[in-house]
Amino acid sequence: MNSALWVSKTGMAAQDTKMTAISNNLANVNTVGFKRDRVVFEDLFYSIQRQPGAQVDDMNQLPSGVQLGSGVRVVGTQKVFTQGNTQNTSQELDLAVMGQGFFQIENSDGEIVYSRNGQFHVNAEGLMVNSQGLPLEPQIQIPENALSISVGVDGNVTATTPGDATAQQLGQITLANFINPAGLEALGGNLFRETEASGMAQELIAGEDGAGTIKQGALEGSNVAVVEEMVDMITTQRAYEMNAKVVSAADEMLKFVSQSM
């Protein structure tokens, strides 16, 4: 196979993967707590036909060599954990993490998973749960007759009930932090799972030891910038088209050679 055909094929495959990531970013532009994906590329191995610095004679060396690349590949995708825009909702159970940290959620298997989506609700048992009905960890029990719920910047949850002069202490919402959040495994449903790459979760009180604070009555929006994604999409499309043109040009060259022989 003509080497240019193979190289351009790898380029088209890589740009197609990047377009998939861009489309997912744009699809989740309104998803609460969503973090955009970034595609990481690397060039493939090189065919060394002349070694740079090789001896030409006893006195001279080659200033450069002949090194032909074999294309590109996607080496990984990375979640970008920059802060999303804060949306004020005035809902008591809407919480936003201002800074680093994740809410801890207990899934149906009893495993602790992590989320930046602080859109919570109360289930039939009075527990704070996410949109999928999975309980917040540590569990917070809301009294049935609660008049109002207050969540402090440190995650301290209190409620006022009829006949009580002072607020009732319900519990403390803690945050989980990771040394490498980009290493978390995305599960969908705004949830992440701890991996060896992310490091072990460190459970922290909000506002302490590098953890962010909690803002009640607000949600963290997606950190996808639509204009940037659109520009990136156009650039990716043009790169794909250029690689397709190389395929066409290499095919014409092979056709010319075969007809001339």
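The values are calculated or read from the model by the stated rules, or taken from the named source; none is laboratory data. Remember, predicted model here, so these are calculated numbers, not experimental data. Here the Cβ positions follow ideal geometry from the backbone for every residue, glycine too, while neighbour counts run over all protein chains shown. Heavy atoms of the whole protein, side chains included, go into the accessibility calculation; ligands, DNA and RNA do not. Shrake-Rupley method; radii C 1.70, N 1.55, O 1.52, S 1.80 Å.
Across the range 128-169, which residue is surrounded by the most Cβ atoms within 10 Å (Cβ to Cβ) among those that are among the polar types (S, T, N, Q) and within 17 Å of E203 (Cα to Cα)?
Going through the qualifying residues, I end up with N156.
Open to solvent by 80 Å² or more (accessible area, probe 1.4 Å) and either in the same structural domain as G207 (by the TED database) or over 20 Å from G217 (Cα atoms) (or both), is that true of Q78?
Against the criterion (open to solvent by 80 Å² or more (accessible area, probe 1.4 Å) and either in the same structural domain as G207 (by the TED database) or over 20 Å from G217 (Cα atoms) (or both)), Q78 does not qualify.
Please find, within the range 14-46, the residue that is nearest to the chain's Cα centre (by Cα) out of those that are open to solvent by 50 Å² or more (accessible area, probe 1.4 Å), among the aliphatic types (A, V, I, L, M) and farther than 30 Å from S64 by Cα.
Residue satisfying both the conditions and the ranking: A27.
Of the residues I214, I205, only one is in contact (Cβ under 8 Å) with a residue 40 or more places away in the chain, in the same structural domain as V129 (by the TED database) and either open to solvent by less than 40 Å² (accessible area, probe 1.4 Å) or closer than 18 Å to V113 by Cβ (or both); which?
I214
Filter the range 172-194 down to the residues that are among the small types (G, A, S), in contact (Cβ under 8 Å) with a residue 12 or more places away in the chain and open to solvent by 20 Å² or more (accessible area, probe 1.4 Å) and list them by number.
A182, A186, G189
If I ask for residues that are in contact with a strand residue (DSSP E or B) (Cβ under 7 Å, 6 or more places away or on another chain), open to solvent by 50 Å² or more (accessible area, probe 1.4 Å) and not small (G, A, S), which ones from the range 47-65 would you list?
Once the filter is applied, which keeps residues that are in contact with a strand residue (DSSP E or B) (Cβ under 7 Å, 6 or more places away or on another chain), open to solvent by 50 Å² or more (accessible area, probe 1.4 Å) and not small (G, A, S), the range 47-65 yields I48, Q49, R50, Q55, Q61.
Tell me which residues, restricted to the range 48-70, are in a strand (DSSP E or B) and either touching a residue at least 40 places away in the same chain (Cβ under 8 Å) or assigned by the TED database to the domain that holds A182 (or both).
From the range 48-70, those in a strand (DSSP E or B) are 48-50, 55, 61, 66-69; that's our starting set.
Answer for the range 48-70, where residues must be in a strand (DSSP E or B) and either touching a residue at least 40 places away in the same chain (Cβ under 8 Å) or assigned by the TED database to the domain that holds A182 (or both): L68, G69.
When you scan the range 71-184 for strands (runs of 3 or more DSSP E) that lie fully inside it, which ones turn up with 3 or more residues that are not polar (S, T, N, Q)? Show your work before the answer.
Values: elements: 72-79, 86-88, 95-98, 103-106, 112-115, 148-151, 156-160, 168-172, 174-177.
Hits in the range 71-184: 72-79, 95-98, 103-106, 112-115.
Does the range 247-259 include one or more residues that are of a type in the set (F, W, Y) and either in a loop (DSSP other than H, G, I, E, B) or closer than 26 Å to G133 by Cβ (or both)?
At the first step, the residues of the range 247-259 found to be of a type in the set (F, W, Y) are 256.
Retained after the next criterion (residues that are either in a loop (DSSP other than H, G, I, E, B) or closer than 26 Å to G133 by Cβ (or both)): none.
Looking through the range 247-259, none of the residues is of a type in the set (F, W, Y) and either in a loop (DSSP other than H, G, I, E, B) or closer than 26 Å to G133 by Cβ (or both).
So which residues in the range 81-118 are open to solvent by 60 Å² or more (accessible area, probe 1.4 Å) and either of a type in the set (A, V, I, L, M) or farther than 21 Å from N177 by Cβ (or both)?
Those that are open to solvent by 60 Å² or more (accessible area, probe 1.4 Å) and either of a type in the set (A, V, I, L, M) or farther than 21 Å from N177 by Cβ (or both): N85, Q87, N88, S90, Q91, E92, M98, S108, D109.
Tally time: how many residues in the range 188-212 are at pLDDT below 95 and assigned to a strand (DSSP E or B)?
Within the range 188-212, residues that are at pLDDT below 95 and assigned to a strand (DSSP E or B) number 1.
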